[in-house]
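Shown next, in structure tokens, is the structure this report addresses.
Derivation of every value follows stated rules applied to the coordinates shown; laboratory data play no part. What you are looking at is a predicted structure, and each value in this text was computed from that prediction instead of being measured. Glycine also receives a Cβ, built like all others from the backbone with ideal geometry; neighbour counts cover every protein chain displayed.
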Amino acid sequence: MWKTILRRVLAMIPQLFVLSLLIFIMAKFMPGDPFTGLITPETDANRLEEMREAAGFYDPWHVQYYNWIVNAAQGDFGKSYTYKVPVSDLIGDRAKNTLWLSLLSVILLYSFAIPLGVLAGRYQDTFLDKSIVLYTFVTYAIPTFVLGLLLLFFFGYQLNWFPTSGTVDIKHDEGTLGYFWNKIYHMILPAITYAILGTTGVVQYLRSEIIDAKSMDYVRTARSKGIPVRKVYSRHIFRNSLLPIAAFFGFTITGLLTGSIFIESIFGYPGMGQLFIQSISSRDYSVITALVMLFGFLTLLGSLLSDIIMSIVDPRIRIE
Amino acid sequence: MTKTLEFKKTGNLIDEVNSSPPTGFQVLVREFKKDKLAMFSLFALVLGILGIYIAAMFIDQEALMKVSLRDKFGEPGEKFFLGADQGGRSIIGQLIIGARNSITIALSVTIITGVIGVAVGLITGYFGGWIDNIFMRIIDFFITIPTLMIIIVFVTIIPKYTIASFVLIMSAFLWVGTARLVRSKSLTESRRDYVNASKTLGTRDATIIFKEIMPNLSSILIVELTLSFAGNVGLETGLSYLGFGLPQSVPSLGTLVSYANNPLILEDKWWVWLPASLLILVLMLAINYVGQAIRRSADARQRQG
């Protein structure tokens with residue numbers, strides 16, 4: 001077990017290396033240079049050249065790459081040109097927001113998906129099951145930004161139930177309970193959007209798991225011993241079907257990351273996804289490269305996590 | 001080699017393990033007859049796409065995109081069937097042209113990624129060994145990269161940015177999923193007796209791959225292509241929505257939706273963004289319904305008819 005995990009972790013290193021190389025090359029192709037943003041009519045051209053020289057702009061590419069990657073490995077991605085603060089501080093700030101939003105989304109996701117999946121599987125082919133299957137169908141087809149906008153339009157603007165952007169109202173002081181609840185309140189709509197989109201896979205998987213489990217010997221044994229249906233579901237089927245769901249956690253992370261770009265733009269939520277779009281518009285390259293690297297790393301981590309959980313839960317899928 | 005869980009959002013795991021024997025056209029027809037919704041989707045899709053292409057031929061794009069401030073945010077009514085945007089440009093016209101552009105782009109990307117993905121998948125699955133190993137490493141790498149972000153970065157660094165370059169950028173990153181699926185199918189297919197028999201008869205590898213194995217995977221390929229077409233519609237409109245898709249002057253469904261980023265438009269001028277959003281949703285639903293029906297006819301255990 002530990003061996004396979006170690007091997008997977010080691011396999012991540014070349015993948016991250018190639019990713020970093022790709023990002024570095026892309027960054028080199030980006031128009032302008034780090035100092036373009038500093039140019040004002042008063043800027044002295046010679047002074048700018050000196051700054052470029054000092055920043056290593058004219059070094060051979062492998063030297064630049066080496067410097068960049070060594071610094072990056074230590075968490076130093078340079079300075080943001082728009083915000084004039086270290087990139088790591090900037091991302092750290094935004095990451096906190098994204099993390100909170102993800103946490104709430106995941107909680108909502110599983111509290112929607114598990115009951116739906118269990119009900120659909122248990123009452124297979126009934127009206128309830130068919131409605132749930134239809135629900136998964138629609139949520140599979142609907143693109144993130146369309147769902148997000150529709151929810152924002154109806155619940156934010158038409159019904160005025162939820163705030164339409166931001167993280168917290170100014171009137172609350174940090175650290176108070178009101179601040180905390182206000183923050184959650186701002187997160188609910190984007191989190192529901194995430195959760196709805198994420199339920200599809202979990203519901204479908206759980207449903208087919210439970211339908212399969214119904215005809216298993218252990219369930220028939222339990223039934224023939226006279227255990228009530230309710231208990232068979234809660235004790236036997238549910239527990240066995242739930243374990244593989246854990247494995248989807250990794251995919252959920254990847255989904256959250258991709259979705260964050262859309263959802264944070266729609267709901268004006270200052271997280272990493274929104275930061276990425278803003279940095280692209282303002283050509284803040286050091287932030288862009290750091291974010292792509294970070295998202296790549298997290299994607300890798302997500303798939304690693306899924307594989308590990310899968311191999312613990314299901315020995316048949318254990319890595320050879 | 002790692003054996004990761006192949007998870008498709010629509011299907012369950014069982015699909016992945018079970019390779020099904022080829023099925024005829026009749027099964028497909030039977031499946032569609034049984035599923036009224038899929039049948040309806042298919043007709044709506046065919047008629048809708050034909051209608052959009054024909055209507056688009058009668059629309060002069062330059063005249064359509066001409067700004068006329070007097071008609072700014074014209075409400076739906078006599079002059080504009082579906083109102084006008086902030087430039088006074090007809091929404092219904094932009095919807096038609098936009099839908100045509102989105103469908104054309106999604107189709108092009110699907111065809112390009114389909115050809116690459118199927119070829120790579122079949123060849124690596126058939127030959128196995130070091131060819132397979134190399135491609136698997138490449139595929140592994142593609143899976144780890146944050147595709148959406150990299151596409152956005154590419155779009156912003158390409159100097160001369162056209163529809164063609166947009167299609168190529170998308171295709172460059174999207175063939176991987178198809179390749180992976182086809183590889184796993186052709187891996188099992190290549191070990192079957194008829195392939196071995198054909199090999200001993202001295203049939204050329206290319207003939208075995210494309211004339212013997214590929215037809216046997218055709219039903220899976222159709223499913224994969226249909227679903228990836230739906231995915232590509234979603235991705236194109238999504239990128240255009242974020243402002244990294246089609247150039248601004250070209251109408252797109254995503255661009256129409258992106259006007260909703262302005263809270264004033266989102267709240268009061270629903271006719272600007274809502275029709276495009278709903279059209280995307282209906283389009284995606286219809287394609288997916290058709291895809292599901294084909295999937296069922298490709299997999300004997302799921303058949304209804």
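Peptides A:102-109, B:124-131 ordered by packing proxy, namely the average of other Cβ atoms within 10 Å per residue, highest first: A:102-109, B:124-131. Relative to the longest principal axis of the Cα atoms of chain A, the long axis of helix A:285-313 lies at roughly 20 degrees. Take the Cα of B:LEU107, step 7 Å toward its Cβ, do the same at A:ARG47, and the gap between the two points is 5.8 nm.
Per residue of A:147-153, other chain Cβ atoms within 10 Å of the residue Cβ number 4 on average.
For the peptides A:261-270, B:192-201, residues were scored by their other Cβ atoms within 10 Å and the scores averaged per peptide; the highest-first order is A:261-270, B:192-201. Specify whether the C-alpha gyration tensor of region B:103-258 places it in the rounded, prolate or oblate class, a ≥ b ≥ c being the square roots of the eigenvalues: rounded for a/c under 1.5, otherwise prolate if a/b is larger than b/c and oblate if not. Because a/c hits 1.5 or more and a/b exceeds b/c, region B:103-258 counts as prolate. With the simple model of a label 7 Å out from the Cα in the direction of the Cβ, A:ASN71 to B:ARG192 spans 5.7 nm.
Coupling constants for region A:105-122 follow from the phi torsions by the Karplus curve (6.51 cos²θ - 1.76 cosθ + 1.60, θ = phi - 60°), and in residue order they are 4, 5, 4, 4, 3, 6, 6, 7, 6, 5, x, 4, x, 5, 4, 4, x, 5 Hz; glycine and proline get x. Per residue of peptide B:150-161, the mean number of Cβ atoms on other chains within 10 Å of the residue Cβ is 4.
Applying the Karplus relation 6.51 cos²θ - 1.76 cosθ + 1.60 with θ = phi - 60° to region B:177-192 yields 3J(HN,Hα) values of x, 4, 4, 5, 5, 5, 4, 5, 6, 6, 4, 6, 5, 5, 8, 6 Hz, where x marks Gly and Pro. Working note: Cα gyration tensor of region A:63-178, eigenvalues times five, square-rooted, sorted largest first, giving semi-axes of 40, 23, 15 Å.
When only the Cβ of Lys, Arg, Asp and Glu is charged (+1, +1, -1, -1), the dipole of chain A relative to its Cα centre reaches about 1920 debye. Once the Cα atoms are used to define both axes, helix A:177-214 deviates from the longest principal axis of chain A by about 50 degrees. Each peptide in A:152-159, B:180-187, A:8-15, A:199-206 receives the mean, over its residues, of other Cβ atoms within 10 Å, and ordering these scores from highest gives A:199-206, B:180-187, A:152-159, A:8-15.
For the residue pairs A:LYS28/A:LYS84; B:LYS66/B:LYS160; A:LYS28/B:LYS160; A:LYS130/B:LYS33; A:LYS130/A:LYS231; A:LYS84/B:LYS269, the C-alpha atoms sit more than 27 angstrom apart in A:LYS84/B:LYS269. For region A:166-315, the equivalent ellipsoid built from the Cα gyration tensor has semi-axes of 40, 21, 12 Å, listed from largest to smallest. Between 0 and 90 degrees, rounded to the nearest ten: what's the tilt of helix A:238-266 against the longest Cα principal axis of chain A? So the helix axis and the longest Cα principal axis differ by about 30 degrees. If you look at the Cα atoms of region B:195-245, you get an Rg and a Dmax of 18.5, 56 Å. For the segment A:290-303, counting C-beta atoms of other chains within 10 Å of every residue's C-beta and taking the mean gives 3.
Normalising by residue count, chain A has a Cα convex hull of 192 Å³ per residue. Each label point was placed 7 Å from the Cα along the Cα-to-Cβ direction; for A:THR221 and A:HIS62 their separation is 6.4 nm.
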